[in-house]
1. So what is Rg over Rh here for the chain, counting just Cα atoms and using Kirkwood for Rh?
2. Could you give the dipole magnitude of region 10-125 about its Cα centre, charging the beta-carbon of Lys and Arg +1 and that of Asp and Glu -1, in debye to the nearest 20?
3. Please determine, in degrees from 0 to 90 and to the nearest 10, the orientation of helix 2-14 with respect to the longest principal axis defined by the Cα atoms of the chain, where the helix direction is its Cα long axis.
4. Give the relative contact order (percent, whole number) for region 31-95; include only Cα pairs under 8 Å separated by 6+ residues.
5. Stokes-Einstein at 20 °C, 1.002 mPa s, Kirkwood radius from Cα pairs: D for region 51-122 in µm² s⁻¹?
6. Between Ser121 and Asn61, what is the FRET efficiency for a Förster distance of 22 Å, r being their Cβ-Cβ separation, to the nearest 0.05?
7. Extension gain Glu71-Ala90, at 0.36 nm per residue separation less the Cα-Cα distance, in nm?
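Nothing in this text is a laboratory measurement; each read-out follows from the coordinates by a stated rule. Keep in mind it's a predicted model, so treat the numbers as computed, not measured. Don't worry about glycine lacking a Cβ; one is built from the backbone with ideal geometry, like all the others, and counts go over all protein chains shown.
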Amino acid sequence: MRIALALGVIAGLSGLSHAAQTIATSAIFGATTQHSAQCVIGNPSTRTIAVQVSIVDESGNPLQVSSTCNEPIPAGFNCSVFANSIPSGAAVACSATASGSIDKLRGTFTLSDGNAVALRSVELQ
C-alpha cells in the first residue's frame, strides 16, 4: 500500500515541471502624470516560448491593452504589451506566464507620461 502511494505521489509530481510559471513586477507607481504602461518580454533562449502577458491595476484587475502576446515568442525575439490609458493615481503591474519554464525569459515594465517620457522602469522577476 505504501509503495503504491509513493508511486502515485511521484507520478503526480512529475507533471509539475511542466506547470505554468510566472515572472512579474510588484505594483509600481510612476507619478500623477503617468499615462501609459509597456511590458516587454524577451526570449533569449534557443526555443519558442508561449507566454500570456497582462497589465493589471493595484487590485489585480486587468487593464485594457492595445497589443498582446497572442503568438508564441520565437527564440531571440521580444513581445510587447501596451496599455495606453492607465490610472494616474494608482499603481500598476505586469506579469508573464509561460506554460513551461521561465528560466530564460526576461522582461521590463515601463510607465510613461503623456509625452512618452519614461517615469519608472522595473524588471520582471
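1. So for the chain, dividing Rg by the Kirkwood Rh gives 1.13.
2. Using Cβ point charges on Lys, Arg, Asp and Glu, region 10-125 gives about 240 debye.
3. Its long axis makes an angle of about 30 degrees.
4. Computed value for region 31-95: 46 percent relative contact order.
5. For the chosen part, D equals 161 µm²/s.
6. Efficiency computed from Cβ-Cβ geometry: 0.50.
7. Length gained, Glu71 through Ala90: 3.9 nm.
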